[in-house]
Amino acid sequence: METAAVERVIAQRIAHFGELGLLDTDDPRRTTDHFFALTVLLAFNEQPNPLAVDHGRLRATMVDGARAFVRAYGTRRWPLVFRAVNSLNML
């Protein structure tokens, strides 16, 4: 799947989470850019060689970025969902 298609799908999910009151966003596309900056782009910057990936470090970077994103965009309803997801060890 090309990057634009992935970004489009993520933006749709972010818009949906906004409609549910889980994320505070007026611009799902811009919010998606911030999500990618905190996760994928940061992970790439830290480990630009795909042949020498430290999977533990990659996972830690992605999880930390996702948590920072939720702290920035999550509403007061989000902690309940975040705890539930975290308890399933999905992050």
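Would you point out the residue of the stretch 22-45, among those that are part of a loop (DSSP other than H, G, I, E, B) and of a type outside the set (Val, Ile, Thr), that is most open to solvent (accessible area, probe 1.4 Å)?
Filtering the stretch 22-45 for residues part of a loop (DSSP other than H, G, I, E, B) gives 22, 24-27.
Filter once more, keeping what is of a type outside the set (Val, Ile, Thr): 22, 24, 26-27.
Details: Leu22: 20, Asp24: 104, Asp26: 156, Asp27: 78 Å².
Among those that are part of a loop (DSSP other than H, G, I, E, B) and of a type outside the set (Val, Ile, Thr), it is Asp26.
Scan the stretch 1-19 for residues that are more than 12 Å from Thr31 (Cα to Cα) and open to solvent by less than 100 Å² (accessible area, probe 1.4 Å) and jot them down.
At the first step, the residues of the stretch 1-19 found to be more than 12 Å from Thr31 (Cα to Cα) are 1-6, 9, 16, 19.
Selection gives Thr3, Ala4, Ala5, Val6, Val9, His16.
Being surrounded by 14 or more Cβ atoms within 10 Å (Cβ to Cβ) and part of a helix (DSSP H, G or I) is the filter here; which residues of the stretch 47-62 pass it? It would help to see each step written out before you state the result.
First pass over the stretch 47-62, keeping only residues surrounded by 14 or more Cβ atoms within 10 Å (Cβ to Cβ): 47, 58, 61-62.
Result: Leu58, Thr61, Met62.
If Leu20 meets every condition in (1) of a type outside the set (D, E, K, R); (2) within 15 Å of the chain's Cα centre (by Cα); (3) at pLDDT 85 or above apart from one, which number is that one?
(2)
May I ask you to list the residues in the stretch 50-64 that are over 12 Å from the mean Cα position of the chain (by Cα) and either more than 20 Å from Phe36 (Cβ to Cβ) or touching a residue at least 24 places away in the same chain (Cβ under 8 Å) (or both)?
Result: Leu51, Ala52, Asp54, Gly56.
Go through the residues of the stretch 30-45 one by one and say whether even a single one is out of contact with any strand residue (DSSP E or B) (no Cβ under 7 Å at 6 or more places or on another chain), farther than 21 Å from Arg71 by Cα and modelled with pLDDT under 90.
Among the residues of the stretch 30-45, at least one is out of contact with any strand residue (DSSP E or B) (no Cβ under 7 Å at 6 or more places or on another chain), farther than 21 Å from Arg71 by Cα and modelled with pLDDT under 90, which makes the answer yes.
The values are calculated or read from the model by the stated rules, or taken from the named source; none is laboratory data. Bear in mind that the values here come from a model prediction, so they are computed numbers and not experimental data. When we count neighbours, we look across all protein chains shown, and the Cβ atoms used for this are built from the backbone with ideal geometry, even at glycine. With ligands, DNA and RNA removed, areas are computed over all heavy atoms of the protein, side chains included. Shrake-Rupley method; radii C 1.70, N 1.55, O 1.52, S 1.80 Å.
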